[in-house]
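Chemist: What follows is a single structure, and I will ask about it in a moment.
The values are calculated or read from the model by the stated rules, or taken from the named source; none is laboratory data. Computed from a prediction, not measured in an experiment: that's the story for all the values here. Cβ: placed from backbone, ideal geometry, glycine included. Neighbour counts: every protein chain shown.
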Amino acid sequence: MIYIYDLILNWNDKRRYEFFEWEENDEIEYIKKIPIFRIDNFDDILNKTIKVDADFLINLYNKTEIYGAHQTEKINYACIFCNGELSKAIAMEFSDEGESLYESNIYFLDLEDIFNMANRLGTFNLKCDVLTTKESDDHYLTRREVVKKRFLVNEINDSYRDKNVDKLKYMYYEVFGTDGRDIDEMHNRLLASLKNEYNYVHDNVYNLIKAPNL
């Protein structure tokens with residue numbers, strides 16, 4: 001088994017953040033060592049909750065160590081997976097039953113070291129069951145854009161619920177450049193405009209709504 005030493009991971013259960021989106025309050029752990037595996041079916045496990053078999057889980061047990069406040073601590077089941085081409089890598093933490101719980105992208109300064117280590121490994125097909133697919137319309141958005149989009153969705157729904165027609169008209173005009181009349185149509189079209197994208201028009205509406213004098 002091959003390990004990589006001294007790196008940082010940012011564990012999340014819903015979405016892996018790119019390193020430039022990491023924030024101070026994230027669950028960042030300083031890893032002392034963690035095993036690496038090079039697998040053929042890397043793309044098959046991306047954005048999915050998987051369950052690995054017992055034999056693979058046994059191989060992981062207490063192999064990952066982290067720097068604790070006063071002493072080295074262990075993560076029961078965790079590892080880093082690389083694809084066969086050594087162009088992608090993610091870290092995963094598993095439950096006692098083998099179900100993937102948390103994931104992390106790799107900090108860019110650690111990627112080269114991981115690929116150099118993984119180059120010594122042969123590839124294999126990871127035996128696992130896919131439990132769920134983490135589908136999201138927001139996978140293409142930055143972390144900040146996701147926050148802004150959710151804010152606008154809440155503003156649209158709240159305005160519709162409170163029958164704040166003037167605010168809905170204001171947002172509708174900013175997005176579509178025309179006057180809205182029917183409250184149901186404005187509500188539905190505004191939500192639909194955010195379903196598959198977040199662009200500069202939405203960003204402008206967000207900034208205007210957040211302005212102190214609005």
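Chemist: If Asp26 passes every condition in (1) under 16 Å from the mean Cα position of the chain (by Cα); (2) closer than 23 Å to Val130 by Cβ but one, which one does it miss?
Modeler: Condition (2) is where Asp26 drops out.
Chemist: Please go through the range 185-206 and give me each residue that is exposed (fewer than 14 other Cβ atoms within 10 Å of the Cβ), without any contact (Cβ under 8 Å) to a residue 24 or more places away in the chain, assigned to a helix (DSSP H, G or I) and not hydroxyl-bearing (Ser, Thr, Tyr), ordered by number.
Modeler: Scanning the range 185-206 gives Glu185, Asn188, Ala192.
Chemist: When the range 118-168 is examined, which residues are found to be of a type in the set (Lys, Arg), in contact (Cβ under 8 Å) with a residue 40 or more places away in the chain and over 30 Å from Asp55 (Cα atoms)?
Modeler: Arg143, Arg144, Lys148, Lys149 - these are the residues of the range 118-168 that are of a type in the set (Lys, Arg), in contact (Cβ under 8 Å) with a residue 40 or more places away in the chain and over 30 Å from Asp55 (Cα atoms).
Chemist: Related question: Name the pairs: first residue in the range 99-114 and assigned by TED's automatic domain parsing to the domain that holds Glu18, second residue part of a helix (DSSP H, G or I), Cβ to Cβ under 6 Å, at least 6 apart or on different chains?
Modeler: Tyr107/Phe19; Phe108/Phe19
Chemist: Let me ask something additional. Does Glu65 count as closer than 17 Å to Asp13 by Cα, among the charged types (D, E, K, R) and assigned by TED's automatic domain parsing to the domain that holds Leu7? Full working, then the answer.
Modeler: On the way: closer than 17 Å to Asp13 by Cα: no; among the charged types (D, E, K, R): yes; assigned by TED's automatic domain parsing to the domain that holds Leu7: yes.
For Glu65, the condition - closer than 17 Å to Asp13 by Cα, among the charged types (D, E, K, R) and assigned by TED's automatic domain parsing to the domain that holds Leu7 - is not met.
Chemist: With respect to the numbered conditions (1) in contact with a Gly (Cβ under 8 Å, 6 or more places away or on another chain); (2) buried (at least 19 other Cβ atoms within 10 Å of the Cβ), which one is the sole condition not fulfilled by Tyr160?
Modeler: (1) is the only condition that Tyr160 fails.
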